[in-house]
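Notes follow once the structure below has been shown.
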Amino acid sequence: MERTARLRRLAAAGLIALSLASCGSTGSSSGGGATQAPVLETGIFTLVLLRTGDSPPTLTKEEKRDLFKGHFAFMGEQAEAGHLLVAGPFMGDMNPGGLRGLFILDIDDPARGLAIAQGDPTTQAGEFRQEAFALATLDVLRRLPALEQERQEERERAGEDLSQPDVRAYVILMADEGEHAMAVLAHPALAHSVVLFGRLGAPRDGALFCVLAIEDAKEARALLAIANEPGIAFEVSEWYASPSVALLAELVRSAAPE
């Protein structure tokens, strides 16, 4: 509990300050001249990174299809149980450490979150291995399932084929020098692209995790070259998830002062 409270304190001020930067807002003044804070709260979640297994199985095409069918069914079950808030695969050839996908769970104990996530058939088969971290981020993340439900209802009304994938590309940044990395994200070259950002717990205590509404890692690296004057080491990965994830930034803007 003490570690969780410390992580929450570590993240809160920086996250709210960065949310204002990403909104392009400097706050509004009351009659007494004081800056009014936005109504933004932090929460603790579990981030699970899926990496290529140490000894992945040799499978036929049919066996792999069935394995991943179980993977998707598992994710659906965890979403239905209220645990899984967002998931998506990493793509491209430059994702560090064999990254394959991630889960963000609405569970504030990463040990419990990992225990649940390891029920995934792809992990049990050795296709993936998992790492879990506490993730302190703005609790607007809990609105994501409702946003996704609204999106799917809109697609249905529009007559779209709901069996077809509904995803878009993002870029994920991670950096161990979390406090300095957040200052880089506040740079005008990047701030407008920030969708989700947070601080990690052990074993990467204080590291930054960020999702950018940028579709190409090369573009993200070019913007980092402009913004990253301190020379922070960022891990840059291409990730795919629902377009609803990008709407989280709108929720933050709506909570920020005008």
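The table for this structure:
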| item | result |
| --- | --- |
| 5 angstrom amide H check on Gly53, placed H, neighbours 5+ away | Phe128, Arg129 |
| Within straight-line cross-link reach of Lys61, aspartates and glutamates at Cα separation under 16 Å, skipping those fewer than 8 residues along the same chain | Glu127 |
| Amide H within-cut-off set for Gly92, under 5 Å, with H built and near neighbours excluded | none |
| Contour excess over end-to-end distance, with Cα ends at Glu150 and Glu77 and 0.36 nm allotted per residue | 24.4 nm |
| For region 96-119 and region 192-207, distance of Cα centres in Å | 15 |
| Note, ³J(HN,Hα) from phi for region 107-124, Karplus 6.51, -1.76, 1.60, rounded to Hz, x at Gly and Pro | 9, 8, 10, x, 5, 5, x, 5, 4, 6, 4, 6, x, 4, x, 5, 6, 4 |
| Projected label distance in nm at Asp109 and Gln164, using a 7 Å step from Cα toward the beta-carbon | 4.4 |
| Additional length obtainable on full extension of the chain from Arg65 to Asp139, 0.36 nm per residue less Cα span | 23.1 nm |
| In order through region 47-60: 3J(HN,Hα) via Karplus (6.51 cos²θ - 1.76 cosθ + 1.60), integer Hz, x for Gly, Pro | 9, 10, 9, 9, 10, 4, x, 5, 9, x, x, 8, 10, 6 |
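Throughout, read-outs are computed from the coordinates displayed, never taken from laboratory work. This is a predicted model, so every value here is computed, not measured. Using ideal geometry, Cβ is built from the backbone for each residue, glycine included, and neighbour counts are taken over all protein chains shown.
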